[in-house]
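This report refers to the structure that appears directly beneath it.
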Amino acid sequence: MVTIFSPDHALHDAPHEFLDGKLIVPHEVPIRVQMILDALEGAGIGPIQPPRAFDLNPIRAVHDDDYLAYLALAYERWVAAGGAAAAVLPSTLAVRWMSRRSVGPLVAPGYYSFDLSAPIVAGTYRAARAAADAALTGAALLLEGQQLAYALCRPPGHHAGRDLYGGYCYLNNAAIAAHFLRVGSWELGVSKLGQSPTPNSQPPRRVAVLDIDFHHGNGTQQIFYERDDVLFVSIHADPVREYPYFAGYADECGAGAGAGFNLNFPLEAGVTNARYLAVLDQALAAIADFAPRFLVLSAGFDTFGGDPIGDFALTADAYPLIGGRIAMLGLPTLVVQEGGYALAALGENAVGLLRGLTKN
Ligand code: Q9C
Ligand code: ZN
């Protein structure tokens with residue numbers, strides 16, 4: 001078990017977010033991953049390494065070039081054009097029948113985002129790149145034979161689509177890693193891996209992404225929606241009552257070649273450990289049927305009963321059990337950190353999940 005962590009996450013520190021028309025103190029704060037890091041060190045579970053530096057190629061395979069160019073310069077262009085120095089947040093959003101491309105420095109945020117919970121500050125892009133590098137490093141370790149790696153990513157990623165950010169997410173770390181596992185390092189032309197390239201004659205490596213964050217992974221779903229080589233399975237709060245509201249329903253099953261390769265389990269409020277584990281078993285059965293070479297686990301701890309923005313009722317005992325069930329798949333697994341906002345419980349829950357994953 002190797003953990004990959006970059007202190008550069010702290011470059012992203014949002015001053016506020018909007019919720020129900022109120023400007024509130026953000027839930028997604030730097031101390032989240034520090035709590036987890038401290039708990040990992042306290043529990044002594046495996047080495048903690050910095051990410052390797054990847055070029056843009058494996059990210060460009062998942063996100064659009066114009067979107068990446070926007071993210072990289074959004075803050076400085078915004079400030080230079082007279083936007084608030086505190087953070088980039090849109091005033092006008094592109095929606096349904098008003099979605100013409102318009103990307104001036106004060107307007108692009110409304111073209112490239114879908115909510116008011118993902119402010120961009122001066123260090124956001126660098127932090128997001130470090131998080132993507134952590135996920136890619138974990139993927140590279142799996143390609144090199146590791147059985148379990150934990151990318152302690154911040155900012156999280158699963159709400160970010162191909163050209164859209166929101167929900168605290170800018171780059172989709174899990175999707176970037178999943179695609180990288182799918183194609184290997186060779187086809188992407190990635191250098192500095194220190195490994196010989198994977199021969200093209202190898203059989204395709206199908207990848208499954210299991211998303212156990214409280215919220216539906218709408219970004220990951222979009223990225224792989226028309227693909228049959230990456231299965232996306234998500235267990236989450238029913239979007240009828242919870243964020244992201246406009247995606248995550250059970251009838252979203254994939255399209256085109258991807259039809260049948262997207263599986264959503266929307267759940268009611270108050271989900272208990274037993275209920276969750278029963279649904280997890282259904283999700284794992286679908287993954288086992290797909291027979292992937294690798295598993296990417298988008299792991300959020302906002303399913304915890306004490307989470308300030310979740311409404312499930314899981315206790316700390318759930319996470320080792322969840323990890324244990326997932327480990328029974330016997331797949332090389334990359335855990336990618338997503339949400340979780342009950343600060344005092346994050347460390348114990350993360351250690352619990354990882355302990356469960358390393359059993360069996
Ligand atoms: N009442 C992640 O967990 N605000 N993002 C929702 C609903 C945004 C969550 C408010 C929540 C984003 C990675
Ligand atoms: Zn979440």
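FYI, it's all coordinate maths here, none of it is from the lab. None of the values given here were measured: they were computed from a predicted structure. Quick reminder, even Gly has a Cβ in these numbers, built from the backbone with ideal geometry, and neighbours come from all protein chains shown.
Mind checking the full-extension length gain between Asp289 and Phe246? Use 0.36 nm per residue of separation minus the Cα-Cα distance, one decimal, nm.
12.6 nm
Is the shape of segment 282-337 best called rounded, prolate or oblate, per the rule: a/c under 1.5 gives rounded, else a/b larger than b/c gives prolate, else oblate, with a ≥ b ≥ c the square roots of the Cα gyration tensor eigenvalues?
In terms of gyration-tensor shape, prolate.
Work out from phi, with θ = phi - 60° and the Karplus expression 6.51 cos²θ - 1.76 cosθ + 1.60, the ³J(HN,Hα) of each residue of segment 213-227, listed in order in whole Hz, and give x for Gly and Pro.
5, 4, 9, 4, x, 4, x, 4, 4, 4, 4, 10, 4, 10, 10
Can you list residues from other chains, or at least 5 along the same chain, whose modelled amide H is less than 5 Å from the amide H of Leu19?
Ile24
Springs between alpha-carbon atoms under 10 Å, Gaussian network over the chain: tell me which of His158, His215, His16 tops the mean-square fluctuations.
Looking only at His158, His215, His16, the biggest GNM fluctuation is shown by His16.
Once you have a ≥ b ≥ c as the square roots of the Cα gyration tensor eigenvalues for segment 56-124, tell me rounded if a/c is under 1.5, and otherwise prolate or oblate according to whether a/b is larger than b/c.
oblate
Of Gly123, Ala149, Ala84, whose Cα points farthest to the positive end of the dipole of segment 82-150 (charges on the beta-carbon: +1 Lys, Arg; -1 Asp, Glu; origin at the Cα centre)?
Farthest along the dipole direction, towards plus: Ala84.
So for segment 227-295, what percent of the C-alpha to C-alpha distances run longer than 20 Å?
For segment 227-295, the fraction of Cα-Cα distances above 20 Å is 33 percent.
For segment 4-134, what percent of Cα pairs sit more than 23 Å apart?
For segment 4-134, the share of Cα pairs beyond 23 Å comes to 42 percent.
Mind running the shape call on segment 100-180? Use the C-alpha gyration tensor, a ≥ b ≥ c as the square roots of the eigenvalues: rounded below 1.5 for a/c, prolate if a/b tops b/c, oblate otherwise.
prolate
In the Gaussian network model of the chain, springs joining C-alpha atoms below 10 Å, which of Met98, Met328, Met35 carries the largest mean-square fluctuation?
Met98
About the Cα centre, and with charges only on the beta carbon of Lys, Arg (+1) and Asp, Glu (-1), how big is the dipole of the chain? Nearest 20 debye, please.
640 debye
In nm, what is the difference between 0.36 nm times the number of residues separating Ala69 and Gln49 and their Cα-Cα distance?
Difference between extended and current length: 4.4 nm.
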